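Notes to accompany the following structure.
The values are calculated or read from the model by the stated rules, or taken from the named source; none is laboratory data. None of these values were measured; they are calculated from a predicted model. Ideal geometry is used to build each Cβ from the backbone, glycine not excepted, and the neighbour counts take in all protein chains shown. Areas reflect the complete protein model, heavy atoms only, side chains present, ligands, DNA and RNA absent. Shrake-Rupley method; radii C 1.70, N 1.55, O 1.52, S 1.80 Å.
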Amino acid sequence: MESTTPTPEQGKAYQALAIEAALRIGLLAGLLIWCFNILRPFVGPIVWGGVIATAAYPLFVGFRERLLGGRNAVAATLFTLIALALLLAPTIELGQSMFESAGRLAAQLQSGDFSVPAPPARVQEWPLIGEPLYAAWHLASVNLQEALSAAAPQLKQLATWLLGAAAGVGADILKFVFAIVLSGVFLANAETVVAVLQRLALRLVGDQGADFAHLAGSTVRGVAQGVLGVAFIQGFAAGIGMLVMGIPAAGLWALLVLVLAVVQLPALLVLGPVIAYAFSTHDTVPAVLFAVWSLLVGFSDSLLKPMLLGRGSTVPMMVIFIGAIGGFMLSGIVGLFTGAVVFVLGYTLIHSWLEPDQPDAVRSAPGAGALPGQAERHHDNNA
């Protein structure tokens with residue numbers, strides 16, 4: 001019986017191979033980490049650009065084929081310009097309104113023309129906060145200067161926070177602009193991008209890679225349209241109503257409505273106090289019309305979500321909430337959106353992987369998330 005103990009020469013050869021393998025793995029890991037650090041500032045815009053491109057692809061295809069005769073580059077360029085206009089035009093308008101409102105408020109405070117209406121007596125009956133809120137509100141209505149002096153430390157902290165938030169929003173808007181440009185690039189090269197993603201999925205998860213690729217595309221599209229799309233519609237509609245009514249800082253309130261809609265909280269948490277302010281500062285008829293408009297905006301998600309989500313995947317609300325809040329804590333405003341999409345996508349993929357035999361609403365939609373013609377090819381391959 002031959003001995004299996006390696007000879008000294010074989011031991012040295014094994015040791016050399018192990019060292020060489022370790023060096024190769026280390027160099028590869030170092031290269032990947034280096035590449036990731038270079039790419040890390042662009043991860044958010046790249047993910048968001050992919051989300052925009054995935055959600056807008058069916059609309060882009062119809063726009064390209066029906067109006068531009070299949071000219072892909074021209075369609076992608078026009079899509080990018082239109083998307084930038086849709087982002088920047090209301091942003092500039094709302095920002096200008098917010099700064100003008102702040103300027104008017106500062107001028108009124110300096111001239112002494114600003115006055116706070118007296119609080120309604122029923123405010124005292126509110127639980128927990130009624131008494132202190134009524135006292136502070138009453139003091140502001142009687143002696144605004146004294147009320148501001150009493151709240152000076154809190155107001156200073158609030159002003160510092162608002163300035164920091166405004167700077168952060170400006171940086172996030174630039175990231176959105178970059179993401180829209182990237183989405184145009186992705187749409188112009190959609191066939192190539194999808195092919196690369198499908199090959200990557202096949203390498204990572206094997207034969208189920210194509211299913212996961214389709215599932216990912218459908219999940220992104222469903223969340224983007226059913227959650228983010230509804231949030232943008234509610235925020236934009238609320239901002240238009242407040243601009244028409246001349247509500248101070250309309251841009252800020254519209255942004256808060258959008259944030260609440262993304263994290264699946266009622267927009268009326270913001271619109272309610274704004275409605276009360278409108279009734280205290282405007283005539284009855286325009287205030288009532290604004291209240292009706294705000295209520296329609298607040299409850300519009302009940303109608304819009306089923307229309308935009310369609311037969312896409314159903315995801316627990318808590319998953320969207322955790323993804324949005326976690327993304328916001330990690331990456332700011334952009335993370336609010338990308339966090340919801342990425343977390344929902346991860347949840348859906350893991351759920352599908354753990355329970356592959358259960359019917360999935362996304363997977364049951366033929367070709368969900370695929371480019372035209374890919375669903376048929378995928379079905380033939382599975383057959």
**OP:** Can you run down the residue pairs with Cβ atoms below 9 Å, 6 or more apart or on separate chains, where the first is in segment 69-86 and more than 12 Å from SER183 (Cβ to Cβ) and modelled with pLDDT of 90 or more and the partner is surrounded by fewer than 12 Cβ atoms within 10 Å (Cβ to Cβ) and small (Gly, Ala, Ser)?
**Re:** none
**OP:** Would you check if there is a residue in segment 267-282 being surrounded by fewer than 18 Cβ atoms within 10 Å (Cβ to Cβ), of a type outside the set (S, T, N, Q) and touching a Leu at 6+ places or on another chain (Cβ under 9 Å)?
**Re:** yes
Original post:
Does segment 210-220 contain any residue that is hydroxyl-bearing (Ser, Thr, Tyr), open to solvent by 50 Å² or more (accessible area, probe 1.4 Å) and assigned to a helix (DSSP H, G or I)?
Top reply: no
Original post:
Is there any pair linking a residue in segment 254-277 that is in a loop (DSSP other than H, G, I, E, B) to one that is crowded, with 17+ Cβ neighbours inside 10 Å and at pLDDT below 85, with Cβ under 6 Å and at least six apart or on different chains, and which?
Top reply: VAL263/ALA324; GLN264/ILE320; ALA267/LEU260; ALA267/ALA261
Subject >> Flag for LEU87 being open to solvent by less than 40 Å² (accessible area, probe 1.4 Å), part of a helix (DSSP H, G or I) and among the aliphatic types (A, V, I, L, M) >> reply: yes
